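FYI, it's all coordinate maths here, none of it is from the lab. Given the structure is predicted, the values throughout are model-derived calculations rather than measurements. Because the Cβ atoms are built from the backbone with ideal geometry, glycine has one as well, and the counts that use them run over all protein chains shown.
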Amino acid sequence: MILYKRYSTEEYPAYDNYDAINVDKTAEIPMDWAGAMGVPITFLDKHNPEQFEILGTSDNGIVDAELKTTPGLRKKFVDDYYASGGTGSYREGNPTAGYYKDGAAKMAYKRIFVRHLRDGRSERQEYLQTAIQWIKDDGETVEDYMGAHQHDKTATALLNNFQSIINRVERVFPNYRRPMKGVDWGGLYGLLQDESLVDPEALEAETARLMVDDDVTRQAGIYPYLLTREERHLSIRAFTAAMKQKAFELQDGICKSCSKEFELSQMEADHITPWAEGGRTVEDNCQMLCRDCNRRKSDK
Ligand SMILES: [Zn+2]
């Protein structure tokens, strides 16, 4: 089941008699709520035991040592329910899941209590959500998109497509790291399929090295970099103003490439040994080039 909603106190009231929140529709199970949740019984049609654990039902209560196991409605709650026009027959001690919404006491229909299983799947879920960013319209929220398309065939096709992208990503980069969420995997899908680029072990070794490289200032860029070898993805650390000033003075304002004289403001810093060949963003590896020479060099 692909989730897209985030928890909010307004939308997911806590029950009065269970340590759980109320979820009106199975599709609206919040992806980021770690505790118990009461969901409609239609949940069972979509239940994946690798995604959720079932804790009990509102017939018998939650069977869990850490959570409240005396589920009976409080007398006060039942009184409030009838005072605000509630119907049906409920009594103190009844296991029905009750909650307050907008100040009024409400009784939920029969609920199954579930909880997310924590096994990295929730993180995977988060980047699946990122995937939705790839196709939704600008100005549309992920929630709008999912709400509008969850049941149509096109959405199923798209979600299957995302799933194949995510599966491929997991094969190529089996070690999940948090910055993976910020990657436009949809745009990299073609490259991910290219077997000549893809050697999971070598990529893992390189990823691990780049993740701790101080000169890489954009970790999410490591993935597109490994597939395209375009350094711009990494936002390699820039030389500081002090490093530039020092190099400028050592060169007497002469461009190291064309040997003409320039003002500091007309020059740009350049790695003498390129970063890709092991050159660091340090004073000793800094030279100043005039803007034209530097642009020409970086175009190569
Ligand atoms: Zn020059």
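How long is the gain from His47 to Gln245 if the chain were fully straight, where each residue apart is worth 0.36 nm and the alpha carbon distance is subtracted?
Value of the extension gain: 65.0 nm.
How high is the FRET efficiency between Ala205 and Lys256 when r is their beta carbon distance and R₀ equals 45 Å, given to the nearest 0.05?
Efficiency, rounded to the nearest 0.05: 0.85.
Given R₀ = 30 Å, FRET efficiency for Asp59-Leu117 by Cβ-Cβ distance, to 0.05?
Efficiency for this residue pair is about 0.85.
My understanding is that a pair violates if its Cα-Cα distance is over 23 Å; which of Lys101/Lys181; Lys246/Lys297; Lys181/Lys244; Lys76/Lys110; Lys46/Lys101 do that in this structure?
Lys101/Lys181; Lys181/Lys244; Lys46/Lys101
Multiply the residue gap between Ser235 and Lys181 by 0.36 nm, knock off their C-alpha separation, and tell me the result in nm, one decimal place.
Once the chain is fully extended between Ser235 and Lys181, it gains 17.7 nm.
What residues qualify as long-range amide H neighbours of Lys5, i.e. H under 5 Å apart, gap of 5 or more or another chain, H built at 1.01 Å from N?
Here the answer is Met31, since their amide H atoms fall under 5 Å of that of Lys5.
Taking the simple approach of a point 7 Å from Cα along Cα-to-Cβ for both Tyr100 and Tyr189, what is their distance in nm?
Result: 4.8 nm between the two label points.
How much of the pair distance distribution for region 241-299 lies past 16 Å, counting alpha-carbon pairs only, in percent?
Counting every Cα pair in region 241-299, those more than 16 Å apart make up 37 percent.
Quick one: Karplus J couplings for region 232-249, per residue in order, coefficients 6.51, -1.76, 1.60, θ = phi - 60°, nearest Hz, x for Gly and Pro?
4, 5, 8, 6, 3, 3, 8, 5, 6, 4, 5, 5, 5, 4, 5, 4, 4, 5
Once R0 is set to 22 Å, what does the formula 1/(1 + (r/R0)^6) return for the Cβ-Cβ distance between Arg74 and Glu10, expressed as a FRET efficiency to the nearest 0.05?
The computed FRET efficiency comes out at 0.45.
Within 10 Å of each residue's Cβ, count the other Cβ atoms and sort Leu191, Leu3 from fewest upward.
Leu191, Leu3
Would you please name the trypsin sites (Lys or Arg not before Pro) within region 213-242 that are DSSP coil residues with at most 14 other C-beta atoms within 10 Å of their C-beta?
Passing both the DSSP loop test and the Cβ count: Arg229.
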